Ligand SMILES: [Zn+2]
């Protein structure tokens, strides 16, 4: 058994606690006690504020290669998509493996204990399956394990290049041809202690209602997470309304996708009926603010969703940056800009989105909180950087959410194992691996 003494720790309430002792055995948290003014003999000392493991609930690992490379052209989401396709077109399993490992290691440095990898680059460049049809998914799972984080592989069904259109160019890599072929391939993926397999409907652009119903049935019958990109862009809503007479949320509801294990990713452009549908089934919405602003998507109405009964999770999606504190505060700060009001989402609520709710949306009901029986994830944020110096116990949660950076994460323990020590990954030279992998992917 290991014992950790946390100078401050967040145990889920509105305030941090001082002098928190956390016992860890077998990858699980045992007793948690507060009020130990000094570390007892034999306890490992964690100075700063210790959080539970964070969950990055929406990731496309290969898009890390685009960081900083898409800003000169201007344009829109749709012109950015062409640049993204150019990277997707070139990936091979070896290159993708090292890029994903470095990206997941960057997440570990940012305090991410679990990633939801929304995976659609399934096949070879001309659309032919690899000898192992799950070669790419297997590489992503291996990359997460090597980086020391848990993964939910959200294997995405993708059949059409747009509503009623065949996949073209790099989209051929994404398509299994039919939903039945998607199901057969995904059934061959194995879960493990740090690995979950979930399903994704790429979007109503890429998956027709009949195929969406099959994917939803697969997830529902196995109690697996089900994610879908929903209403990221107004053009998606227009196409859906023109073809189906319903919004994307309405189409997914008709396909039986809306359930408690459903996560709508983005959910930026919803109407009142969409909000009510998602709230009634207590679904999750995964908001990815740093990507949504990068791609000029718009600002979603997250307060309205929360009031309707939806839980929020957070994702770094395209990895324009990987910083869950930045994602968390952007939920509130973007709504301040749009509404002219402060305080629509409290700091503790945003941390719950980044930790427990994110884990729940990825199928890990036993993670994201520092409590007896939970997975032993501890993320310690130093409070002595120029960003956080002067932080008080009373407002430590607010300081972290509104001023911390991923660079303030000092120590990360995942499932009882030390993954980051004093700001460095224990197994991976993350900067070097990122450099080499990004250069290769974009050369
Ligand atoms: Zn996405």
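All of the numbers you see were taken from the coordinates with simple rules; none came from a lab. Note that this is a predicted model, so its numbers are computed, not measured. All Cβ positions, glycine included, derive from the backbone under ideal geometry; neighbour counts span all protein chains shown.
Report the Cα centroid-to-centroid distance between the range 98-160 and the range 27-80 in angstrom, as an integer. After rounding, the separation between the Cα centres reads 18 Å. Compared with the dominant principal axis of the Cα atoms in the chain, helix 430-442 is inclined by about 10°. Where only DSSP H runs of four or more residues are counted, the chain gives -10000 deg cm²/dmol as its mean residue ellipticity at 222 nm, each run worth -39500 (n - 2.57).
Once Rh for the range 75-157 is found with the Kirkwood sum over Cα pairs, what is the Stokes-Einstein diffusion coefficient at 20 °C and 1.002 mPa s, in µm²/s? Kindly include the intermediate steps, with their values, before the conclusion.
Working: Rh = 13.5 Å.
D = 158 µm²/s.
Using alpha carbon coordinates only, what is the Rg to Rh ratio of the range 236-351, with Rh defined as the Kirkwood radius?
On the way: Rg = 14.0 Å, Rh = 14.6 Å.
Here Rg/Rh amounts to 0.96.
Grouping the Cα pair distances of the range 171-227 into 10 Å bins from zero gives a pair-distance distribution of 21, 58, 20, 1 percent in increasing distance order.
I need the fraction of alpha carbon pairs in the range 365-443 separated by more than 18 Å, rounded to a whole percent. Provide the component values of the computation, followed by the final result.
Values: 1768 of 3081 pairs.
It works out to 57 percent of all Cα pairs.
Computed over the Cα atoms of the range 203-260, pair by distinct pair, the Kirkwood hydrodynamic radius stands at 11.4 angstrom.
I need the fraction of alpha carbon pairs in the range 139-259 separated by more than 18 Å, rounded to a whole percent. Don't skip to the end; give the middle numbers.
Values: 3802 of 7260 pairs.
Result for the distance tail: 52 percent.
Rounded to 0.05, the FRET efficiency of the residue 421 and residue 392 pair, given R0 = 25 Å and the Cβ-Cβ distance, is 0.40. Computing Rg and the Kirkwood Rh from the Cα coordinates of the range 36-115 gives a ratio, Rg/Rh, of 1.20.
On the basis of the beta-carbon distance and an R0 of 25 Å, residue 235 and residue 276 show a calculated FRET efficiency of 0.60. Give me the angle, in degrees from 0 to 90, between the Cα long axis of helix 234-244 and the longest principal axis of the Cα atoms of the chain, rounded to the nearest 10. It is inclined by approximately 50 degrees. Quick check: the distance between the Cα centres of the range 267-293 and the range 318-342, to the nearest angstrom? A separation of 15 Å, based on Cα centres.
Based only on Cα atoms, what mean projected area does the convex hull of the range 272-426 have, in nm²?
Details: hull surface 41.7 nm².
Mean projected area of the Cα convex hull: 10.4 nm².
Percent of C-alpha pairs per 5 Å bin in the range 239-297, short distances first: 4, 18, 27, 23, 17, 10, 1. If you bin all the Cα-Cα distances of the range 372-412 at 5 Å, starting from zero, the percentages per bin are 5, 23, 29, 19, 12, 9, 2, 0. Fully extending the segment from residue 243 to residue 184 would add 18.4 nm, taking 0.36 nm per residue of separation and subtracting the current Cα-Cα distance. Over the range 391-435, the Kirkwood radius and the radius of gyration, each from Cα atoms, give a ratio Rg/Rh of 1.09.
What number, in percent, do you get for the relative contact order of the range 312-443 if the mean sequence gap of Cα pairs under 8 Å and at least 6 apart is divided by its residue count?
Numbers: 165 pairs, mean separation 26.9, N = 132.
Worked out over the range 312-443, it gives 20 percent.
Rg then Dmax, both in Å and based on the Cα atoms of the range 70-123: 13.6, 35.
Quantify how much of the Cα-Cα distance distribution of the chain extends past 31 Å, in percent.
On the way: 35643 of 97903 pairs.
Beyond 31 Å sits 36 percent of the P(r) for the chain.
Given Cα pairs under 8 Å that are at least 6 residues apart, what percent is the relative contact order of the chain?
Once divided by the residue count of the chain, the mean separation gives 21 percent.
Per the Kirkwood formula on distinct C-alpha pairs, the Rh of the range 155-204 is how many angstrom? Numbers along the way, then the final one.
Details: mean 1/r = 0.0845 Å⁻¹.
So the Kirkwood estimate lands at 11.8 Å.
Relative to the longest principal Cα axis of the chain, at what angle does helix 77-90 sit, 0 to 90 degrees, rounded to 10? The answer is roughly 90 degrees.
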